[in-house]
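Peer 1: Handing you a structure now.
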Amino acid sequence: MSFPTHRYRRLRLTESLREMVRETSLEPSDFIAPLFVVPGEGVRQPVPSMPGVDRTSPELAAKDAKALFSLGVKSVILFGIPDGKDARGTSSADPGGPVCRAVRAIKSESPGTVVMTDVCLCEYTDHGHCGVLKGETVDNDPTLEILAAEALAHAKAGADVVAPSDMMDGRVAAIRTALDRDGFTSVPILAYSAKYASGFYGPFREAAESTPSFGDRRAYQMDPANVREAVKEVLSDIEEGADLVMVKPAMAYLDVVRAVREATHVPLAAYNVSGEYAMVKAAERNGWIDGKRVTLEILTSIRRAGADLILTYHAKEASEWLA
Ligand code: PBG
């Protein structure tokens, strides 16, 4: 039976009715705020291609994390820009590096904040690739122990969750083994399981100074054309011990978010990446879109596709809008 018995507009008539039948919720506690940390003290540098995003020294990251927490954003993920880089990304496991310092600062300033750390080598290698090189290719197996050492250093500094984003095969198992061996059996792993070789990471690479000096990441990150492969990646990461999994980027990959949601029962995160953020900000600045409305629509769509958590540079403003 259809019209005129059924009139869909009946349930759209008022905001209260619409709210009552709304299928998807959006809360500040759904957000994970990415923070870029640099060495030093008293440093706050805006990222030109990402209006509203700064690179800060550890103690200012702690202030930002505290402010986010009071807005209801319970979690942050840290990316470090170190002083020194070498071929093996040695500074990634430095307990005195910006990430470990920021972990300690945030845990003391805002103990309730869930501090996640990005585990990858691209910010720490002088060539900008996510692992060690053998000729011009990234050598998978020797990279695993360096990643494991980095994750362990973060856990020792007090990280609540470690999040490998390198896309080496076997890294979740290698990190789990290293953490457990040192007694960090309670530190969960958020795996960037389905991470695509994407053009949407441009502004991030500017912020993190992690652009590869030659070539690209297509030999380790996923081909944008694939979705079955994403499910395979996710399932094997879970088997290796991932507690949470991620799809990245988000907006152009909502079908992947949906496929992963349907294939698994672990918490699912999606990364609303730097290029997605920059596009919204640029169009808003040109007066071409209503930034607030479009942002909330994008974030809702990521939740609707099946993500529990959203890593997003919009975390602060969106939480203010939702308050
Ligand atoms: C790698 C990493 C990247 C991002 C998160 N972790 C960049 C890359 O793979 O080149 C991108 C995030 C974004 O674009 O917002 N450590």
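Peer 1: For the range 159-185, what are the residues that are in contact (Cβ under 8 Å) with a residue 40 or more places away in the chain and more than 24 Å from Ala270 (Cα to Cα)?
Peer 2: The answer is none; no residue qualifies.
Peer 1: Can you say whether Tyr277 is farther than 20 Å from Ser75 by Cβ, of a type in the set (Phe, Trp, Tyr), touching a strand residue (DSSP E or B) at 6+ places or on another chain (Cβ under 8 Å) and at pLDDT 95 or above, as far as the supplied structure shows?
Peer 2: Criteria not met by Tyr277.
Peer 1: Same structure, new question: Among the residues of the range 99-115, how many are open to solvent by 10 Å² or more (accessible area, probe 1.4 Å) and either within 12 Å of the ligand (Cβ to nearest atom) or part of a helix (DSSP H, G or I) (or both)?
Peer 2: Residues in the range 99-115 being open to solvent by 10 Å² or more (accessible area, probe 1.4 Å) and either within 12 Å of the ligand (Cβ to nearest atom) or part of a helix (DSSP H, G or I) (or both): 6 in total.
Peer 1: Moving on. In the range 5-47, what count of residues is obtained for those that are under 21 Å from Ile77 (Cβ atoms), of a type in the set (D, E, K, R) and open to solvent by 30 Å² or more (accessible area, probe 1.4 Å)?
Peer 2: Count: 2.
Peer 1: Need the failing condition index for Met50 against (1) surrounded by 15 or more Cβ atoms within 10 Å (Cβ to Cβ); (2) over 20 Å from Leu299 (Cβ atoms), just the number.
Peer 2: The one condition Met50 does not meet is (2).
Peer 1: So which residues in the range 53-72 are loosely packed, with under 15 Cβ neighbours inside 10 Å and farther than 28 Å from Ala283 by Cα, if there are any at all?
Peer 2: Ser70
Peer 1: Sort through Thr264, Thr312 and tell me the only one that's β-branched (Val, Ile, Thr), under 18 Å from the mean Cα position of the chain (by Cα), open to solvent by less than 60 Å² (accessible area, probe 1.4 Å) and at pLDDT 95 or above.
Peer 2: Within the list Thr264, Thr312, the selection yields Thr312.
Peer 1: Let me ask something additional. So Asp216 fits all but one of (1) surrounded by 17 or more Cβ atoms within 10 Å (Cβ to Cβ); (2) farther than 24 Å from Pro267 by Cα; (3) of a type outside the set (Gly, Ala, Ser); what number is the exception?
Peer 2: (1)
Peer 1: When you go through (1) assigned to a loop (DSSP other than H, G, I, E, B); (2) under 25 Å from Pro95 (Cα atoms); (3) in contact with a His (Cβ under 6 Å, 6 or more places away or on another chain) one by one for Val162, which number turns out not to apply?
Peer 2: Against the list (1) assigned to a loop (DSSP other than H, G, I, E, B); (2) under 25 Å from Pro95 (Cα atoms); (3) in contact with a His (Cβ under 6 Å, 6 or more places away or on another chain), Val162 comes up short only on (1).
Peer 1: Moving on. Give the number of residues within the range 176-235 that are among the basic types (Lys, Arg) and closer than 24 Å to Asp255 by Cβ.
Peer 2: 5
Peer 1: Mind listing just one residue for me: the one in the range 191-239 that is in contact (Cβ under 8 Å) with a residue 24 or more places away in the chain, of a type in the set (D, E, K, R) and part of a loop (DSSP other than H, G, I, E, B) and, of those, farthest from the ligand (Cβ to nearest atom)?
Peer 2: Asp223
Peer 1: Moving on to the next point. In the set Gly96, Gly131, which member is within 14 Å of the ligand (Cβ to nearest atom) and either open to solvent by 30 Å² or more (accessible area, probe 1.4 Å) or within 19 Å of the chain's Cα centre (by Cα) (or both)? Quick ask: steps written out before the conclusion?
Peer 2: Working: Gly96 fails: within 14 Å of the ligand (Cβ to nearest atom).
Gly131 is the lone residue from the list that is within 14 Å of the ligand (Cβ to nearest atom) and either open to solvent by 30 Å² or more (accessible area, probe 1.4 Å) or within 19 Å of the chain's Cα centre (by Cα) (or both).
Peer 1: Condition first: within 13 Å of the ligand (Cβ to nearest atom) and either open to solvent by less than 30 Å² (accessible area, probe 1.4 Å) or not basic (Lys, Arg) (or both). Can you find one or more residues in the range 172-186 that meet it?
Peer 2: We begin by selecting, within the range 172-186, every residue within 13 Å of the ligand (Cβ to nearest atom); these are none.
No, every residue in the range 172-186 fails to be within 13 Å of the ligand (Cβ to nearest atom) and either open to solvent by less than 30 Å² (accessible area, probe 1.4 Å) or not basic (Lys, Arg) (or both).
Peer 1: Sticking with this one: Could you please give the count of residues in the range 267-277 that are surrounded by 17 or more Cβ atoms within 10 Å (Cβ to Cβ) and more than 9 Å from the ligand (Cβ to nearest atom)? Give the derivation first.
Peer 2: First, pick out the residues of the range 267-277 that are surrounded by 17 or more Cβ atoms within 10 Å (Cβ to Cβ): 268-277.
Okay, now just the ones that are also more than 9 Å from the ligand (Cβ to nearest atom), so 268-270.
Total meeting the criteria: 3.
Peer 1: Examine the range 291-303 for a residue that is open to solvent by 10 Å² or more (accessible area, probe 1.4 Å) and under 26 Å from Val119 (Cα atoms), and state whether such a residue exists.
Peer 2: yes
Peer 1: Please tell me if Tyr253 is crowded, with 17+ Cβ neighbours inside 10 Å, more than 16 Å from the chain's Cα centre (by Cα) and of a type in the set (Ser, Thr, Tyr).
Peer 2: In short, no.
The values are calculated or read from the model by the stated rules, or taken from the named source; none is laboratory data. Here the structure is a predicted model, which means the values were calculated and not measured. Every residue, glycine among them, receives a Cβ derived from its backbone with ideal geometry; neighbour counts consider all protein chains shown. These area figures cover heavy atoms from the full protein model, side chains too; ligands, DNA and RNA do not enter into them. Shrake-Rupley method; radii C 1.70, N 1.55, O 1.52, S 1.80 Å.
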